[in-house]
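Asks: This is the structure I have questions about; it appears just below.
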Amino acid sequence: MRQAAESRKTKETSITVKLCLDGGEVNVSTGIGFFDHMLTAFAVHGGFGLNLQAQGDLEVDCHHTVEDTGIILGKVLAQALGDKSGIARYGSFSIPMDESIAITNIDVSGRPFLVFHADFQQERIGSYDTCMTEEFLRAFAMNAGITLHCWVPYGTNAHHQTEAIFKSLGHALHQAVLPADGTLSTKGVL
């Protein structure tokens, strides 16, 4: 099983994550209802096992909890992938959700980068700030060592747009980590 676990504790957050790329139960609790819903959608649509427990300074806002979750989830993904040999490396998926669509492309390359284009008409979804979607994806990509492009070309409902992003992220990552022969790089390593 390709899996890893890690904990991260700071003055602002305390987070424990266990990720299994080959499936398993999904149990997420961050104290931010909509974010729990998004992380669960990511795991379910990616076919991943995910146990994620987070406590943060939500009396301030959701920023530290969401960003730190991206950091540790990215680190755990990198650990679960090891040297990244034997994976498909690339994944691309689009998810329509009512009036919105999200397109996500991933390269598990060891070269972290984020390109993010989405305009949200609503600033909040429950206690979740929509601007935190980009912050989460940046922290996740940088710490996982992946190139991640995410684009929402249209949509008017921030809930639909964000949910399409997390679901397409799960599907694209699932494709990228599928078993493949050898290392898909002209360099011979990723």
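Asks: How many residues, within the range 79-127, are in a helix (DSSP H, G or I) and either under 19 Å from F34 (Cα atoms) or in contact with a Pro (Cβ under 8 Å, 6 or more places away or on another chain) (or both)?
Replies: Within the range 79-127, residues that are in a helix (DSSP H, G or I) and either under 19 Å from F34 (Cα atoms) or in contact with a Pro (Cβ under 8 Å, 6 or more places away or on another chain) (or both) number 0.
Asks: Taking D57 and the conditions (1) modelled with pLDDT of 95 or more; (2) over 18 Å from H149 (Cβ atoms); (3) touching a Pro at 6+ places or on another chain (Cβ under 9 Å), which numbered condition does it fall short on, given that it satisfies the others?
Replies: Answer for D57: the failing condition is (3).
Asks: Within the range 171-181, restricting attention to residues that are farther than 15 Å from P96 by Cβ and surrounded by fewer than 24 Cβ atoms within 10 Å (Cβ to Cβ), which residue is modelled with the lowest pLDDT?
Replies: Once the filter is applied, the top-ranked residue is D181.
Asks: Among the listed residues E163, E123, E99, E134, which satisfies the condition of being within 16 Å of the chain's Cα centre (by Cα), of a type in the set (D, E) and surrounded by fewer than 19 Cβ atoms within 10 Å (Cβ to Cβ)?
Replies: From the options E163, E123, E99, E134, the qualifying one is E134.
Asks: If you go through the range 128-167, how many residues are in a helix (DSSP H, G or I) and in contact with a helix residue (DSSP H, G or I) (Cβ under 8 Å, 6 or more places away or on another chain)?
Replies: 18
Asks: Do we find that T16 is more than 15 Å from the chain's Cα centre (by Cα) and under 22 Å from M142 (Cβ atoms) in this structure?
Replies: yes
Asks: Among the residues of the range 53-90, write down those that are without any contact (Cβ under 8 Å) to a residue 60 or more places away in the chain and either crowded, with 21+ Cβ neighbours inside 10 Å or among the charged types (D, E, K, R) (or both).
Replies: Residues satisfying the conditions are A54, G56, D57, E59, T65.
The values are calculated or read from the model by the stated rules, or taken from the named source; none is laboratory data. Quick caveat, the model's predicted, so the values are computed rather than measured. Positions of Cβ are generated from backbone atoms using ideal geometry, with glycine treated the same way; all protein chains shown enter the neighbour counts.
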